[in-house]
Amino acid sequence: MLTNIKLQFQSQNREKYHQPYMRLVGALGLVVSTYCVLTLSTASIDVRFLVIATVTIVFGSRLGIDFSSHKIQITVSDTFIFLTLLLYGTELAVLLAGAEAFSSSLRFSKLWRTRFFNGGLLAISTFVTGTITAAVFGPIPALSQGPVSGDFITAICFIGGLQYAVNSFLAARRESFKLNLPFLETWKSHFLWTSITYFAGASAAGVTSKLVQSNGYYAFLALAPILAIIYFTYQSYRKQLQATLAQAEQARRHAEEQRAITQELRQSEEQFRSSFDNAAIGMALVLPNGKWLGVNPSLCVMLGYSEQELLALDMQSVMHPEQLGEHLAQIYHLSHEGPGSSTLEVRLLHKEGHTLWAQMSASLVRDEQGQPMRIVYQVQDVTERKRAEEQLLHAAYHDSLTGLANRSLFTDHLRLAMERARRHDNHLFGVLFMDLDRFKNVNDSLGHAHGDQLLLAVSERLQKCVRPEDTVARFGGDEFAILLNSIENSIDVIRTAERIQQMISQPFTLGHHEIFTTASVGITLSSLGYAEANELLRDADTAMYRAKAIGTGRFEVFDKVMHARAVTALKLENDLRRAVENEEFRILYQPIVNTESGAVAGFEALIRWEHPERGLTSPAEFIAAAEETDLIIAMGEWVLGKACHQAQQWQRQFPRDEQLFISVNLSGKQFTQRDLVEMVERALRESGLPPGCLKLEITETILMENAEVAISMLKRLRTLGVQLGIDDFGTGYSSLSYLHRLPVNTLKVDRSFVGRMDEAAEYREIVRTIVSLAHTLGLDVVAEGVETAAQWSQLSALSCEYSQGYFFAKPLSDDAATKYLAESQGAPALVQPIDCEASCGEPVENYFM
């Protein structure tokens with residue numbers, strides 16, 4: 001294990017030796033060359049050497065053979081260097097070798113360190129070869145004298161082998177550092193087979209030296225072309241051998257696979273055929289006219305054909321007809337305009353008839369004249385990916401439950417219809433917005449699974465009610481929208497709405513249950529001249545809610561009156577938001593008196609809106625809008641804080657044994673807000689009002705909508721010490737079964753009962769029953785809506801603790817309420833009603849404040 005880790009560490013750090021090694025070889029080469037210059041005898045330099053040197057440097061280095069993929073080269077000049085070694089000795093051979101290597105490097109490398117390395121490498125190897133050969137066989141020039149002998153042949157082989165050993169060792173060491181590979185592996189892969197070039201060069205030099213000895217200088221000139229032919233022949237052989245390097249090169253340059261395949265195709269048909277046949281993706285060679293030249297097994301499997309069957313066809317035969325034009329355009333673009341390669345996603349035809357999606361990368365191969373010769377196709381099956389993309393696209397524009405269009409797709413279709421209507425005045429369309437009546441009851445009683453089944457059944461019926469050119473969409477929940485395209489008039493839309501309602505009203509069978517439901521439909525027509533799709537949808541939705549408000553199973557057509565009503569509602573909402581920001585509200589206070597004595601016991605805080613244009617506005621005109629927009633939360637917190645401050649101020653101004661209390665109504669939205677307890681606690685803390693002097697009133701309907709949750713919230717509020725009351729008791733859901741569990745202090749009898757006590761005995765009996773029930777449970781009672789002395793007298797006889805109404809006072813401003821308190825302070829009898837100009841003048845409704 002430790003050995004493996006050490007070897008791996010060394011392998012990972014081999015590259016750091018590359019640059020130092022190159023500098024070392026270059027420096028040693030310079031030292032060897034300098035030594036040879038200093039020891040050289042200039043008398044040995046003659047015209048023949050100068051000719052050999054000129055041919056070697058100028059021409060020999062250009063007639064080369066590349067080996068490996070790293071710009072290492074053996075040239076014809078190697079023979080001339082061996083010849084120089086045999087005729088002139090080590091010094092001139094070293095200088096010529098270094099000069100030739102440096103000169104040839106100028107052509108293929110721009111890096112000076114590479115040039116010096118190559119010159120140094122050949123100078124060192126020639127110096128070592130010459131020095132050792134002279135030590136073994138004696139002076140080298142003497143070997144070329146006399147007849148061919150066994151020693152001469154041995155020396156020639158020794159020179160070639162030694163030069164190969166030294167040269168390949170130095171070069172392989174550099175490549176192993178550069179590629180971060182083991183030395184032996186690098187040497188075997190790139191240099192083992194190059195030994196033949198050295199033996200061939202040495203042999204050619206030996207023969208040439210003997211010819212020069214026998215025939216003189218002209219033998220060299222006659223032999224030079226022969227040597228060039230030999231090297232050209234070997235170069236062709238060398239290109240065939242290079243095919244063995246394809247796999248390693250392909251793995252290293254996988255990111256450039258397409259370009260590498262094209263380049264390797266030009267260099268070697270064998271290498272391309274190996275990559276072609278064994279490729280995991282489909283590949284084909286195709287003529288520009290579409291005729292197959294070759295196909296690989298992967299493409300045959302992909303298309304379901306055998307190789308012979310596929311070659312008998314052409315490219316156009318397997319192309320989907322709808323893609324044929326795009327494919328031909330790709331070929332034209334490649335042949336005439338393109339950069340030589342392009343990628344296209346197309347549909348191909350399988351032998352069995354089904355369609356598959358493929359990504360086709362095409363690379364054009366040109367001949368030497370630049371004319372299109374063939375096209376290399378790489379074909380990858382992307383059918384699964386396209387299906388996944390189509391599923392994602394479908395999911396983005398369709399409802400996951402019903403498969404209908406969703407809001408986004410419906411809106412796109414609606415925009416297209418609107419664009420067409422703008423271009424063609426006679427184009428009319430309509431939109432239906434539909435909502436199922438009582439759908440919540442199905443979910444609550446049978447569960448969401450049955451609810452989903454009902455939605456599926458509804459979507460199927462809706463699609464049967466429309467034409468193919470129409471669009472049915474589900475917007476979510478039980479809301480559906482239908483776009484009716486190209487209608488003649490509004491009657492077509494109304495008939496469709498009637499047909500839909502008739503279909504929906506038929507019973508649905510869900511498992512063992514038979515379900516009945518109806519639909520409320522809102523209709524809007526393009527003839528109203530909408531500019532935006534959202535405006536049209538908004539008005540259809542408005543019409544639907546109008547239909548639902550009138551009754552179930554109805555439809556309404558959006559018209560100008562409804563539009564005006566919607567505009568008014570929108571303006572009200574905007575004004576209300578501004579009012580909350582600018583605190584345009586006022587609080588009026590209606591006294592709550594002790595029924596027996598007539599003394600003021602407390603006040604109920606009632607909100608009014610000082611509208612900049614309409615003046616003081618009743619809650620009946622804005623509370624519903626505030627509830628819908630959640631502005632009621634901010635308004636309620638403001639009222640609670642103001643009312644607590646005012647009550648605390650009155651307590652300081654009018655001290656008495658039984659402290660004055662303040663009643664504040666809570667809306668449904670307030671009662672369900674999470675931080676209600678914290679909000680009430682904060683209002684008490686900031687105002688300094690004792691908790692027992694704050695009474696929070698909640699309507700019976702709100703309490704009974706979710707009794708268990710309501711009980712929990714009331715208990716939390718009671719922990720603060722505040723009082724709690726049930727407002728409008730007797731008018732909402734029956735709360736008798738829960739009343740004994742509700743932690744409340746007060747029941748408030750609704751004005752509808754109190755105001756009719758003078759008219760009928762049954763109303764007096766209802767009030768008596770409520771008072772009696774409250775007293776039995778230990779609760780006190782407030783009767784609201786008292787308008788006559790007779791009503792007051794009857795309430796007193798029933799022992800109703802508190803009374804409230806116009807008989808005592810209308811809602812008062814804070815100043816008027818202060819005056820009312822001052823006048824009633826210590827008065828045992830009824831204080832006369834005060835008609836405050838700040839009041840709204842209408843009977844007080846129990847809105848949330």
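Condition check ((1) without any contact (Cβ under 8 Å) to a residue 60 or more places away in the chain; (2) surrounded by 20 or more Cβ atoms within 10 Å (Cβ to Cβ)) across all residues:
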residue	(1), (2)
665	no, yes
673	yes, no
679	yes, no
682	yes, no
690	yes, no
696	yes, yes
702	yes, yes
708	yes, no
712	yes, no
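Can you tell me how many residues within region 772-784 are surrounded by fewer than 23 Cβ atoms within 10 Å (Cβ to Cβ) and either in a strand (DSSP E or B) or in contact (Cβ under 8 Å) with a residue 40 or more places away in the chain (or both)? So the count comes out to 1.
Filtering region 621-637 to residues that are open to solvent by 10 Å² or more (accessible area, probe 1.4 Å) and in contact with a Phe, Trp or Tyr (Cβ under 7 Å, 6 or more places away or on another chain) leaves only 623. Among the residues here, residue 766 qualifies as touching a helix residue (DSSP H, G or I) at 6+ places or on another chain (Cβ under 7 Å) and of a type in the set (A, V, I, L, M). For region 356-370, check the following and say yes or no: at least one residue is buried (at least 17 other Cβ atoms within 10 Å of the Cβ), over 31 Å from the mean Cα position of the chain (by Cα) and within 30 Å of residue 343 (Cα to Cα). Looking through region 356-370, at least one residue is buried (at least 17 other Cβ atoms within 10 Å of the Cβ), over 31 Å from the mean Cα position of the chain (by Cα) and within 30 Å of residue 343 (Cα to Cα).
Taken over region 470-495, the criterion of being in contact with a strand residue (DSSP E or B) (Cβ under 9 Å, 6 or more places away or on another chain) and among the charged types (D, E, K, R) is satisfied by 470, 474, 478, 479, 492.
Kindly evaluate residue 334 against the criterion of being more than 14 Å from residue 289 (Cα to Cα) and not hydroxyl-bearing (Ser, Thr, Tyr). For residue 334, the condition - more than 14 Å from residue 289 (Cα to Cα) and not hydroxyl-bearing (Ser, Thr, Tyr) - is not met.
Residue-level analysis places residue 417 outside the set of residues that are small (Gly, Ala, Ser) and either closer than 24 Å to residue 400 by Cα or more than 36 Å from the chain's Cα centre (by Cα) (or both).
Would you mind stating whether residue 341 is in contact (Cβ under 8 Å) with a residue 24 or more places away in the chain, of a type outside the set (Lys, Arg), open to solvent by less than 70 Å² (accessible area, probe 1.4 Å) and closer than 26 Å to residue 274 by Cα?
On the way: in contact (Cβ under 8 Å) with a residue 24 or more places away in the chain: yes; of a type outside the set (Lys, Arg): yes; open to solvent by less than 70 Å² (accessible area, probe 1.4 Å): yes; closer than 26 Å to residue 274 by Cα: yes.
Taking the combined requirement at face value, the residue satisfies it.
Whenever a residue of region 16-39 is under 15 Å from residue 97 (Cβ atoms) and open to solvent by less than 100 Å² (accessible area, probe 1.4 Å), its partners that are part of a helix (DSSP H, G or I) and charged (D, E, K, R), lying with C-beta atoms within less than 9 angstrom and at least six residues away or across chains, give the pairs 25/173; 25/174; 26/113; 26/115; 36/91; 37/91. Remark: residue 128 falls outside the filter, which requires a residue to be on the phi < 0 side of the Ramachandran plot, in contact with a helix residue (DSSP H, G or I) (Cβ under 7 Å, 6 or more places away or on another chain) and at pLDDT below 75. Could you look through region 386-413, keep only residues that are in a helix (DSSP H, G or I) and at pLDDT 85 or above, and pick out the one that is most open to solvent (accessible area, probe 1.4 Å)? Here the residue is 407.
Residues of region 212-227 include none that is modelled with pLDDT of 70 or more, of a type in the set (A, V, I, L, M) and either open to solvent by 50 Å² or more (accessible area, probe 1.4 Å) or within 22 Å of residue 117 (Cβ to Cβ) (or both).
Answer with yes or no whether residue 615 is more than 17 Å from residue 692 (Cβ to Cβ) and either within 47 Å of the chain's Cα centre (by Cα) or open to solvent by 60 Å² or more (accessible area, probe 1.4 Å) (or both). Talk me through it step by step, then tell me what you get.
On the way: more than 17 Å from residue 692 (Cβ to Cβ): yes; either within 47 Å of the chain's Cα centre (by Cα) or open to solvent by 60 Å² or more (accessible area, probe 1.4 Å) (or both): no.
Considered against the rule, which asks whether it is more than 17 Å from residue 692 (Cβ to Cβ) and either within 47 Å of the chain's Cα centre (by Cα) or open to solvent by 60 Å² or more (accessible area, probe 1.4 Å) (or both), residue 615 comes out as no.
I'd like to know if region 586-598 contains one or more residues that are touching a strand residue (DSSP E or B) at 6+ places or on another chain (Cβ under 8 Å), over 30 Å from residue 799 (Cβ atoms), at pLDDT 85 or above and not aliphatic (A, V, I, L, M). Checked region 586-598: at least one residue is touching a strand residue (DSSP E or B) at 6+ places or on another chain (Cβ under 8 Å), over 30 Å from residue 799 (Cβ atoms), at pLDDT 85 or above and not aliphatic (A, V, I, L, M). Within region 812-835, being touching a Pro at 6+ places or on another chain (Cβ under 9 Å) and either buried (at least 19 other Cβ atoms within 10 Å of the Cβ) or modelled with pLDDT of 85 or more (or both) holds for 812, 817, 820, 821, 824.
Taking residue 570 as the residue in question, decide whether it is crowded, with 19+ Cβ neighbours inside 10 Å and over 30 Å from residue 445 (Cα atoms). Give the steps one after another, and end with the answer.
Details: crowded, with 19+ Cβ neighbours inside 10 Å: no; over 30 Å from residue 445 (Cα atoms): yes.
It is false that residue 570 is crowded, with 19+ Cβ neighbours inside 10 Å and over 30 Å from residue 445 (Cα atoms).
Does any residue of region 42-58 turn out to be modelled with pLDDT of 65 or more, surrounded by fewer than 17 Cβ atoms within 10 Å (Cβ to Cβ) and farther than 19 Å from residue 82 by Cα? Yes - at least one qualifying residue is present in region 42-58. Here the condition is being touching a helix residue (DSSP H, G or I) at 6+ places or on another chain (Cβ under 7 Å), acidic (Asp, Glu) and over 30 Å from residue 414 (Cα atoms); of 307, 368, it holds for 307 alone. Among the conditions (1) hydroxyl-bearing (Ser, Thr, Tyr); (2) open to solvent by less than 50 Å² (accessible area, probe 1.4 Å); (3) in contact with a Ser or Thr (Cβ under 8 Å, 6 or more places away or on another chain), residue 335 misses just one, which is (3). Looking across region 414-436, the residues that are touching a Phe, Trp or Tyr at 6+ places or on another chain (Cβ under 9 Å) and part of a helix (DSSP H, G or I) come down to 414, 417, 418, 420, 421. Scanning region 377-387 for residues that are under 16 Å from residue 314 (Cβ atoms) and of a type in the set (A, V, I, L, M) yields a single hit, 379.
Yes/no per residue for (1) among the hydroxyl-bearing types (Ser, Thr, Tyr); (2) modelled with pLDDT under 90:
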site: 448; (1), (2): no, yes
site: 461; (1), (2): no, no
site: 465; (1), (2): no, no
site: 476; (1), (2): no, yes
site: 506; (1), (2): no, no
site: 513; (1), (2): no, yes
site: 521; (1), (2): no, no
site: 526; (1), (2): yes, yes
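All conditions but one from (1) open to solvent by 20 Å² or more (accessible area, probe 1.4 Å); (2) over 45 Å from the mean Cα position of the chain (by Cα); (3) touching a residue at least 40 places away in the same chain (Cβ under 8 Å) apply to residue 669; the one that does not is (2).
If I ask for residues that are over 15 Å from residue 509 (Cα atoms) and touching a Phe, Trp or Tyr at 6+ places or on another chain (Cβ under 8 Å), which ones from region 437-466 would you list? Scanning region 437-466 gives a single hit, 462.
Among residues of region 171-193 that are over 15 Å from residue 15 (Cβ atoms), those with a beta-carbon under 9 Å from a residue that is of a type in the set (A, V, I, L, M) and surrounded by fewer than 20 Cβ atoms within 10 Å (Cβ to Cβ) at least six positions away or on a different chain give the pairs 172/184; 189/181; 189/245; 189/248; 190/245; 193/241. Please tell me if residue 751 is of a type outside the set (S, T, N, Q), out of contact with any helix residue (DSSP H, G or I) (no Cβ under 8 Å at 6 or more places or on another chain) and open to solvent by 10 Å² or more (accessible area, probe 1.4 Å). When the stated conditions are applied, residue 751 passes them.
The values are calculated or read from the model by the stated rules, or taken from the named source; none is laboratory data. Quick caveat: nothing in here was measured; it's all calculated off a predicted structure. We place every Cβ from the backbone using ideal geometry, glycine too, and count neighbours over all the protein chains shown. For accessibility, only protein heavy atoms count, side chains too; no ligands or nucleic acids. Shrake-Rupley method; radii C 1.70, N 1.55, O 1.52, S 1.80 Å.
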